[in-house]
Amino acid sequence: MSLQTTLRKINDFPADLIQRRRDKRRKRLIDEKGKQLLVASQWQLIRWKFARHKLAMASLFLLGIMYLAAIFAEFVSPYDPRSFREQYAMAPPQRIRFFDPHEGRFHLRPFVYSITRQLDPDTWQVTFEEDRTEKQFIRFFVRGSQYRLMNIPFLEGNLRLFGVEEGIISLLGNDTRGRDLFSRIVHGSRISLTVGLLGIAISFFVGVLIGGLSGYFGGLLDVIIQRVIEAIKAIPTIPLWMALSVALPIHWPLTRVYFFIVLILSIIGWTGVARVVRGKFLSLRTEDFVTAAELDGASTGRLIFRYMLPSFYSYVIARLTLEVPAMILGETALSFLGLGLQAPAISWGVMLKDAQHIRVLANAPWMLLPGLFVFIAILAFNFVGDGLRDAADPYSNI
Amino acid sequence: MLDFLMRRMLLMIPTLFIVSGISFFVIQAPPGDFVTAHVQRLEDRGQIVDREAIEAMRARYGLDQPAHVQYVRWIRSMFRGDLGMSFDWGAPVSRVIARRIPNSLIISLFSFLFVYAVAIPIGMLSATRQYSVADYFFTFVAFVGLGIPNFLFALVMLWVVYSMTGQVLIGLFSAEYVDAAWSWARFMDMLRHVWIPAIIVGTAGTAKIVRVMRASLLDELQKPYVMVARAKGLSRSHVNYKYPFRIAINPVVSTIGWTLPSLITGEMLVSLVLGLPTLAPIFLRALQMQDMYLAGGIVFVLTLLTLLGTLISDILLGWIDPRIRFSSM
Amino acid sequence: MATETADDVLSVHDLKSYFFSREGTLRAIDGLSFNLKAGKVLGIAGESGCGKSVTAQSILRILPRHGKTVSGQVLLTRDGKVTDLLALGEESSEIRRIRGKEIAMIFQEPMTSFSPVHTIGDQIIETIRLHRGLSKAQARASAIEILESVGMPHPSRTIDEYPFNLSGGMRQRAMIAMALSCNPRVLIADEPTTAVDVTIQAQVLELIRQMQAQLGMAVIMITHDLGVIAELADHVLIMYLGRGVEFGSVEQIFHNPKHPYTRGLLASIPKLQKGHTLVEPIKGAVPNPYDAPAGCPFHPRCPQFMQGTCEVTMPQVVEVEPGHWVACHLYGGEDQR
């Protein structure tokens, strides 16, 4: 078939379809653009543009689920993340089944086989064996051990999303001390997924403040700030973070350590924001609308917060989203090295620290699973950040 | 160009000063000092240390002086190339660093080569065959590379190598060369080992550079000069090779500035996971021991390397891009 | 449009170039025909988006990524031999020998049309060596000569300059020098004066006229500026939405315009008449090329719109006087398509 006939076919066959779709699209665009574009706020525009970024939308959805799970960690996880059951130490992940080959029939309700610990008398190797005759059906909204949601006194309960009546359910296996990995990962996300958000919040405020001072006042202050930023940026991240987190006293309570780790992680992040804010301030100072406001007698504070900041903070936030992965990574790495949060705390990095010995890895490779969640979170934030940046870029067309 | 370079070098001086200040502050920050930490360790072992000995020790290391005096002393000796003494090793910091830094540099250098040797061709392929199977494949691989933290990658590799070969270590040297002096044979032996850590360290960077290269080339491919060159009668491959490829390289070269620090950072984490004899384990130990001059010295040297990397990338960029060369004149 | 004669150097028949994208098919050129006589200047005029530049790119077969010429003929006559450029492969060596050598092109944006990291000399010499098989030194000498002939100051020095070190006018001179470096039979000038200052515009036009007379080449002058056409062209093609709507000699078009669109274009040129300017813009805007209106594409904007005819059928091209062709229902003719 020649190219021309091919093209003709492409053109002729779905012409009607293309036309209809195009009409619909145009109608929508006219509705949206014609009427709403005129009144659309910056955030609405960003939302429309972001919504077209499929991968970013999917990532945002995934992150939404992960954060929900983090908030309701006690409810989502079947067990207390700190309770250990030695008899189930290093139990592998169980397979969830619907089909029972022994009975030869399907069950609508998923189930797992009971597992029992076996000790090889010669090698002293511990193995777990499935008892194919004993099914444990997974029940939803079961009563489990008592918990306090997010440690808030009046939110006590024992309702758990799922569980089994006897034996154990371990979706992702157990660690060396028989703690349920799934429950720990869900609880660990409270720390691992929030350091980044809190970190960029701090970076944002510090960055806007210092960058704003630098750009607005200029002069010697600007020179000094720029030098300091340059110097901080020149220091390799991990060594700096390592050195700073070593300084945190061991006896500090968990929350304080957590907060300081976030501060340490933000020590790099704010520099990027400050740069952008400074640049924008320098260029905005000469923009007509700022001059107009100035001539109107607007005060410096009003000038900055009412006129200058709103014109670019969406862009800054979008850029900051791309910093979240580095912060998640930082927390994980520091905790992994034993420099960040320490053992009673649960974070993905702390969990990975348990997996760093090759003997453990060889016998229980599922203990690397927190790493998979780090991976997913980092990727998702990357996609969301990319989508946000594209959407917030004032120069891209709709 | 020369002017520009001179200005860049002069600007490095205040930066280095500030970095030295930050380094010093950072290593001063932990409560106590090496002596308290040392005494603590001795007491943990049941030894009794008397006050006078402690104070004598402090005076010997100059730790009884106020912080700013210590800083000035540190800076002053640094001008003589003396980074101070390592309490823990009982040797000059510069000698401790010098012994380990070749390994760090070699890993970083190889991962650097790996990053660019792999990323540039893949980026070119992805851009010239946009939306092809190859493009989607490499984009996917790049995303995976971007998402996996290199220490985690190292951990996974450790596990994979162990479950495949039963070997625990991915070292830098074979057993017979571990403590040997540098020789040709030792160097060759290292080449046989260095690629695993180099690839692990380089993966995330490769992923980023692939994306930079792809975006930059896609941008250049639709510039008018490409059509002009085609209108002159050049073949498409000749056009691509001579113009957009050549120009798309510029933003890639400018990434050297941030690739180097991230490689150095990555190298530290990977070395710690794999137990490689580089600066990283020494640094971690120095931090834990509060061996402040050693820790500070390492931070300082790493920063110096980073700054040198940025300078090199600036020089390269000025060399290959006349726009930069001329604008700074 | 227009009859073929023996002295045609380039004739385009029923050219269709489409762009394919997710939004649909953009019919950038949809059945365009015209002839270019050897040694003459053909002006192609129309509003932006009517497919003028795509015409040039289609002739040279250098359409961007998503563009495809789907049908038509582009016949190039060289010494009695006729070649259909559309029958050649886009990357074939024949078409590459024609590009730059037989048909050269001057582009709109002299700044972005040169690679920023190569000297202009490098880029001119490359063309010369490609088509004329000269040595490096000979090609350089030749490039300096051409730069001199297009009025480049200090050509032996400017040859080693980077484009960003030259002024806009000098860049456009370099562009012209590059196009003329292989003595082409046909020169396509795509809005050569749009991106330069008004004062430079006159110089550039004068230069093109001069070189045309000197080298005896045929020129296609693509522009939205009818003034440029009036000054340079022998024949004029008026384009609207990827079609030719009127073709004729420059006198016929300017003194006896037939198509309502041509009349509208002429009326929209500011004229000084007894102290006050009269400008009559064409009402409306060029429709979305993704779906051109049915019937005559100009009917939604036409002041002489005839209900029941114009929006239904495509007007046929008719010869209203010798050498003057127009595609409009006002001048009769049955349905063409």
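Quick notes on this structure:
- Residues that are over 16 Å from B:THR206 (Cβ atoms) and aliphatic (A, V, I, L, M), drawn from the stretch B:111-133: B:VAL133
- Assessment of the stretch B:126-134 against the conditions (aromatic (Phe, Trp, Tyr) and either within 11 Å of chain A (Cβ to nearest Cβ) or in contact (Cβ under 8 Å) with a residue 60 or more places away in the chain (or both)) yields no matching residue.
- If you check A:VAL277, A:VAL228 for being more than 10 Å from chain B (Cβ to nearest Cβ) and open to solvent by less than 60 Å² (accessible area, probe 1.4 Å), only one passes: A:VAL277.
- Boolean, C:LEU15 is open to solvent by less than 20 Å² (accessible area, probe 1.4 Å), under 17 Å from the mean Cα position of the chain (by Cα) and within 12 Å of another protein chain (Cβ to nearest Cβ): no
- Filter pass, A:SER189 being more than 30 Å from B:ARG8 (Cβ to Cβ), crowded, with 22+ Cβ neighbours inside 10 Å, touching a residue at least 24 places away in the same chain (Cβ under 8 Å) and away from every other protein chain (no Cβ under 14 Å): yes
- Taking (1) more than 10 Å from chain B (Cβ to nearest Cβ); (2) small (Gly, Ala, Ser); (3) open to solvent by less than 10 Å² (accessible area, probe 1.4 Å) in turn, A:SER299 satisfies each apart from (3).
- The single residue among A:ARG160, A:ARG184, A:ARG177 that is in contact with an Asp or Glu (Cβ under 9 Å, 6 or more places away or on another chain), open to solvent by 40 Å² or more (accessible area, probe 1.4 Å) and not polar (S, T, N, Q) turns out to be A:ARG177.
- Within the stretch C:153-177, residues that are surrounded by 24 or more Cβ atoms within 10 Å (Cβ to Cβ) sit with their Cβ atoms under 9 Å from residues that are of a type in the set (Lys, Arg) and in a helix (DSSP H, G or I), at 6+ positions apart or across chains, in these pairs: C:PRO163/C:ARG171.
- Residue check, A:SER347 of a type in the set (Ser, Thr, Tyr) and at pLDDT below 85: no
- Of the helices (runs of 4 or more DSSP H) lying entirely inside the stretch A:302-365, those containing at least 3 residues that are more than 20 Å from the chain's Cα centre (by Cα), at the interface with chain B (Cβ under 10 Å from one of its Cβ atoms) and of a type outside the set (Phe, Trp, Tyr) are A:358-363.
- Residues that are closer than 20 Å to C:MET178 by Cβ and in contact with a strand residue (DSSP E or B) (Cβ under 7 Å, 6 or more places away or on another chain) number at least 3 in the following strands (runs of 3 or more DSSP E) confined to the stretch C:41-113: C:103-106.
- Residue that is nearest to the other protein chains (Cβ to nearest Cβ), among those in the stretch C:114-126 that are farther than 24 Å from B:PRO251 by Cβ and either in a strand (DSSP E or B) or among the aliphatic types (A, V, I, L, M) (or both): C:ILE124
- Any helices (runs of 4 or more DSSP H) falling wholly within the stretch B:264-329 and containing at least 3 residues that are in contact (Cβ under 8 Å) with a residue 60 or more places away in the chain and open to solvent by less than 30 Å² (accessible area, probe 1.4 Å): B:279-289, B:292-320
- Flag for C:ALA141 being more than 12 Å from chain B (Cβ to nearest Cβ) and open to solvent by less than 10 Å² (accessible area, probe 1.4 Å): no
- Only one of B:VAL253, B:VAL239 that is open to solvent by 10 Å² or more (accessible area, probe 1.4 Å) and not hydroxyl-bearing (Ser, Thr, Tyr): B:VAL253
- Options C:MET170, C:MET111: the member that is in contact with a helix residue (DSSP H, G or I) (Cβ under 8 Å, 6 or more places away or on another chain) and more than 25 Å from B:TRP319 (Cβ to Cβ): C:MET170
- Filtered residues of the stretch A:67-95 (kept if touching a Leu at 6+ places or on another chain (Cβ under 6 Å) and open to solvent by 30 Å² or more (accessible area, probe 1.4 Å)): A:PHE75, A:PRO93
- Verdict on A:LEU38 being open to solvent by less than 50 Å² (accessible area, probe 1.4 Å), assigned to a helix (DSSP H, G or I), at pLDDT below 75 and of a type outside the set (Ser, Thr, Tyr): no
- Test for A:LYS233: is it open to solvent by 20 Å² or more (accessible area, probe 1.4 Å), over 18 Å from A:MET351 (Cα atoms) and within 14 Å of chain B (Cβ to nearest Cβ): yes
- From the list B:LEU105, B:LEU83, B:LEU146, B:LEU125, the lone residue that is surrounded by 13 or more Cβ atoms within 10 Å (Cβ to Cβ), touching a strand residue (DSSP E or B) at 6+ places or on another chain (Cβ under 9 Å) and of a type outside the set (Asp, Glu) is B:LEU83.
The values are calculated or read from the model by the stated rules, or taken from the named source; none is laboratory data. Everything numeric here is computed off the predicted structure, so don't read it as measured data. FYI the Cβ positions are ideal-geometry reconstructions off the backbone, even for glycines, and counts take in every protein chain you see. The area values use the complete protein model at the heavy-atom level, side chains included, leaving out ligands, DNA and RNA. Shrake-Rupley method; radii C 1.70, N 1.55, O 1.52, S 1.80 Å.
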